[in-house]
Amino acid sequence: MKIASAEVLITSPTRNFVTLKLTTDGGITGLGDATVNGRELAAASYLRDHVAPLLLGLDPHRIEDTWQYLYRGAYWRRGPITMAAIAAVDMALWDIKGKIAGLPVYQLIGGASRNGLLAYGHASGTSQSGLSESIHEHLEKGYRAIRVQSAIPGIHALYGVADQPQASGERYDYEPAGRGARPVEEDWDTAAYIRHVPQVFEAVRQEFGAELPLLHDSHHRLTPIEAAKLARRLEPYDLFWLEDCTPAENQQGLRIVRQHTTTPLAIGEVFNTVWDFQQLITEQLIDYVRAAATHFGGITALRKVMDLAAQYQIRSGFHGPTDISPVGFAAQLHVGLAIHNFGIQEYMEHSSATNEVFRQSMTFKDGYLHPGETPGLGVEFDESAAAQFPYQPAYLPVSRLHDGTMHDW
Ligand code: EZ4
Ligand code: CO
């Protein structure tokens, strides 16, 4: 059996997705996700110009060997573009193997370790009452765990808060960023943020009680000591986790956070390989691995980092925003169902346009996700639907302090 063709499909049903489609000489197809939000065409070129020609003629069953061939063979290791391209190939090969075996991918990697994957949804509000309404809506949809993000007095446009009015008069959609040739600019004030967030959680706990798992994303904006201060002030509200409390390039910084707080920490949505997690896992500086199959080298690589994490009682909390395509999302659902050290799965729900292009066997019921029983990953790509949504340049926002200094977004 041989890989006979490798096509790169770019479509923009609400947001841009880069999808790899491999076809075997017997006509079996496999899909992979290589979407790198805001830099999509670089990943597409990497696949089309440098990876696709190497795949033709290879045995699609040799997943590990192909992964190593692309990782070691590039010489220039790691980085989001390289690892997204490798991820796409890896997912497509698992998809093909599952279809040949007649089994969903989770059955090939150990079978189910649980009945379904606890998911958390994104509630947010421009006011406390708006936030409360958003939490109620999520609970009504079945969510049993909620990420809480709120507008902050003194910050005009903020990550994670839906429907903020913009200077342009348009409603701000924080996930697909502003469409267009330049990034939207947001503003940031650390002191205002640290003062306000504990009050938000105080009110949410009062209204919704002690049991509901609550999460929060600081989105890389604090220094270690600021992160420690916030995490400590949040302890009375018993968060499930505090995410990306500080940028994690300097991993020693997490030691400072850890020394001061028992709030559980989740990090790693922008990480690309197991090496990015090495210190955080082996020194037990985090509690949840936020990697995404798409930016981390696929199913093969996610399983390896989760095996390392398991030795330290660290669990999964894979990144599940709407800029991971349904293919990448399915890949991590299969991993999450199979591994023992699953923690929680982020679930943002793709738009109806995205779901028209990517038809999925995945289900969400009573707060739990399941990848379904379709052989392979369980996602089909509708090329005629995709053709209605051509690529549009789109950037993620950037963030500045009030004096104009660039900050982390
Ligand atoms: O900002 O996926 O936890 N989720 C997140 C996401 C990321 C986007 C970046 O493209 O932090 O909303
Ligand atoms: Co995040």
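Structure notes:
- Sorted from greatest to least, the principal axis extents spanned by the alpha carbons of the stretch 1-148 come out as 58, 35, 27 Å.
- Between P153, P13, V257, the Cα set farthest toward the positive side of the dipole of the chain (charges on each charged residue's Cβ, about the Cα centre) is that of V257.
- Modelled label positions at S127 and S351, each set 7 Å beyond Cα in the direction of Cβ, lie 2.8 nm from each other.
- Relative contact order %, the stretch 3-103, counting alpha carbon pairs below 8 Å whose residues are six or more apart: 33
- The stretch 3-103, dipole about Cα centre (Lys/Arg Cβ +1, Asp/Glu Cβ -1), debye to the nearest 20: 260
- Counting only protein heavy atoms and using a 1.4 Å probe, the accessible area of D163 comes to about 80 Å².
- When DSSP beta bridges are restricted to pairs lying wholly in the chain, around 55% turn out antiparallel.
- Result for the chain in a Gaussian network model with C-alpha springs under 10 Å: among G32, G336, G160, the largest mean-square fluctuation is at G160.
- Taking 0.36 nm per residue of sequence separation and removing the Cα-Cα distance, the L308/E383 pair yields an extension gain of 23.2 nm.
- Surface composition of the stretch 3-103: carbon plus sulfur atoms contribute 56% of the solvent-accessible area (1.4 Å probe, protein chains only, all chains present).
- Gain in span if fully extended, R359 to E249, counting 0.36 nm per residue against the direct Cα distance: 35.9 nm
- What the chain shows is 40 Å² of accessible area per residue, with the surface traced by a 1.4 Å probe over protein heavy atoms.
- Cβ-Cβ FRET estimate between F208 and D408, R0 fixed at 25 Å, reported to 0.05: 0.25
- Cβ-Cβ distance of T262 and H340, R₀ of 41 Å, FRET efficiency by 1/(1 + (r/R0)^6): the value works out to about 0.95.
- Applying 1/(1 + (r/R0)^6) with R0 = 45 Å to the Cβ-Cβ distance of A101 and L139 gives a FRET efficiency near 0.70.
- With the alpha-carbon atoms of the stretch 229-274 aligned to their principal axes, the span from lowest to highest coordinate is 34, 19, 13 Å, starting with the largest.
- Between I109, I281, I344, the residue with the greatest mean-square fluctuation in the GNM of the chain (Cα pairs under 10 Å linked by springs) is I109.
- Across the stretch 313-319, computed HN-Hα scalar couplings (Karplus, 6.51 cos²θ - 1.76 cosθ + 1.60, θ = phi - 60°) run 6, 9, 10, 8, x, 4, 5 Hz from first to last residue, x flagging Gly and Pro.
- Grouping the Cα pair distances of the chain into 10 Å bins from zero gives a pair-distance distribution of 5, 23, 33, 26, 11, 2, 0 percent in increasing distance order.
- Only Lys, Arg (+1) and Asp, Glu (-1) charged, at Cβ; the chain dipole about Cα centre in debye: 840
The values are calculated or read from the model by the stated rules, or taken from the named source; none is laboratory data. This one's a predicted model, so the numbers in the text were calculated from it and none came from an experiment. We place every Cβ from the backbone using ideal geometry, glycine too, and count neighbours over all the protein chains shown. Protein only, heavy atoms only, side chains kept; ligands, DNA and RNA dropped before computing areas. Shrake-Rupley method; radii C 1.70, N 1.55, O 1.52, S 1.80 Å.
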